[in-house]
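Visitor: Dropping the structure in here first, questions after.
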Ligand code: ATP
C-alpha cells in the first residue's frame, strides 16, 4: 500500500432505500491528518454515508476504500485502525464508564499480535481503559454509574470507546449533538488535541459554525449528492475585492467611480486587492473609514450558493 493513500476514498457511491436515494454518487476523499467536516441538513445522507464507510450498511453500487483497502471486503484488516461513534453512544447504565469500556475492549476483535499472558492482557486492558477515560476528561469520575452521567459525559464516554484502540481514523456522527455549550467546547477541544496528536478525523454535522471552527476540509451534502469538497482555507480565501465601511459612502462611491462592484448602505465592495493603497486614497480625500479589508466569503454564503434553498435553511449556524 502506498504511503500517500487517502484514509478514506469513495467512488460513485450510491445507497438506495427503496425509492429513496440516500446517497447519490459520492466521490469523497479524506487525507491523512485532516479534520474533514461532512456538512449537510438533516436527511441529506450524512449518517448513511458514515455507516457505508464503516461497513454497517451495504452500498447499492460504487466503491469504498479505507486505508487503500476495499470495504467492506477488507473490514477485518482495517477496521481496527478506525474508531467510531455513530448515532449516539450506547452504554450499560448500571455499570461505571470504565467497566463499560473494559467490556467493549474485551469484546473488540483484535488483529493478530504477539501472544501475552492473560495477566499482562488484563493489565494492558486496564491501562487502555484508563488512558481513554483520561483522554476524554472522565479520569476522575471513579465508579459512578453511567446512569448518573450527564449527556456530555455520555458523549465523551462514547468517544473514549472510539479511542480505545488509539485509532488512526476517528469517525464521529454529530459528535456534539445534544450537548450544552460547555460540553460542545470540551468535545471540540478534545478533537483538536487528538488531531494534533496525529489522528485523522471525519465528523458529520449540520452545524456550520462547528465545521467552520474545527475542520480543515469540508464535504457538503445536498440530498445525497456531494456538492462541494474543498479545504476551508480555499473557501475562505480572499475574493479579490476589498470591503470598505464608511459613513461617507456617497463620497467614496464618487471617488472610486467604476471600481465599486456593489454598495449596500455604508458598505462598498471595491474591485481591488490593494487594500492599503485604497485606504490611503480614501483618507487623502477626507473620507472616514470605519472598516477596510479583503473580502472573504463566509461558509454560510458558500453553503447558500451550493445547496438548494430548503437545505441551506436547515444547515444551522
Ligand atoms: P440526520 O442528521 O437527520 O440523521 P442525515 O444527513 O444523516 O440526517 P440520513 O440519516 O443518512 O441523513 O438519511 C438520508 C435519507 O435516507 C433520509 O431520507 C432517510 O429517511 C433515508 N434513510 C436513512 N436510513 C434509512 C433506512 N434504514 N431505511 C429507509 N430510509 C432510510
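Visitor: Quick one: Cα convex hull volume of the chain, Å³ per residue? Spell out each step's value before the answer.
Guide: Numbers: hull volume 55.0 nm³, N = 317.
Residue-normalised Cα hull volume stands at 174 Å³.
Visitor: Also: For the Cα atoms of the chain, what angle does the longest principal axis make with the long axis of helix 118-135, in degrees from 0 to 90, nearest 10?
Guide: Value to nearest ten degrees: 20.
Visitor: Let me ask you something else. Need one word for the range 176-317: rounded, prolate or oblate. Basis is the Cα gyration tensor (sqrt eigenvalues a ≥ b ≥ c); a/c below 1.5 gives rounded, then a/b vs b/c decides.
Guide: Working: a/c = 2.62, a/b = 2.10, b/c = 1.25.
Judged from the Cα gyration tensor, the range 176-317 comes out prolate (a/c at least 1.5, a/b above b/c).
Visitor: Something else about it: So what is the relative contact order for the range 153-288, in percent, with contacts set as C-alpha pairs under 8 Å and at least six apart? Can you show the working numbers first?
Guide: On the way: 131 pairs, mean separation 20.8, N = 136.
Computed value for the range 153-288: 15 percent relative contact order.
Visitor: Angle, helix 275-284 long axis vs. longest principal axis of the chain, Cα atoms, 0 to 90°, nearest 10?
Guide: 30
Visitor: Any idea what angle helix 181-196 forms with the longest principal axis of the chain, computed on alpha-carbon atoms, 0 to 90 degrees, nearest 10?
Guide: The answer is roughly 80 degrees.
Visitor: Going by C-beta contacts inside 10 Å, put 44, 74 in order with the fewest on the left.
Guide: Numbers: 44 27, 74 16.
Fewest to most other Cβ atoms nearby, the residues stand as 74, 44.
Visitor: Please rank 50, 14, 146, fewest neighbouring Cβ atoms within 10 Å first, as an exposure proxy. Before the final figure, lay out each step's value.
Guide: On the way: 50 23, 14 17, 146 20.
Ascending Cβ contact count within 10 Å gives the list 14, 146, 50.
Visitor: Another question, then. Top mean-square fluctuation among 167, 247, 181, Gaussian network model of the chain, C-alpha springs under 10 Å?
Guide: In this elastic network of the chain, the residue with the biggest mean-square fluctuation among 167, 247, 181 is 247.
Visitor: How high is the relative contact order of the range 238-296? Use alpha-carbon pairs under 8 Å, at least six apart in sequence, and give a whole percent. Please list the in-between numbers first.
Guide: Values: 104 pairs, mean separation 30.1, N = 59.
Relative contact order, the range 238-296: 51 percent.
Visitor: Normalised by the number of residues in the chain, what is the relative contact order in percent for Cα pairs under 8 Å and 6+ residues apart? If you can, show how the numbers build up before the last one.
Guide: Numbers: 586 pairs, mean separation 67.0, N = 317.
Worked out over the chain, it gives 21 percent.
No lab work stands behind these numbers, since they all come straight from the coordinates. Here the structure is a predicted model, which is why all the values come from computation and not from measurement. Cβ atoms come from the backbone with ideal geometry, glycine included; neighbour counts cover every protein chain shown.
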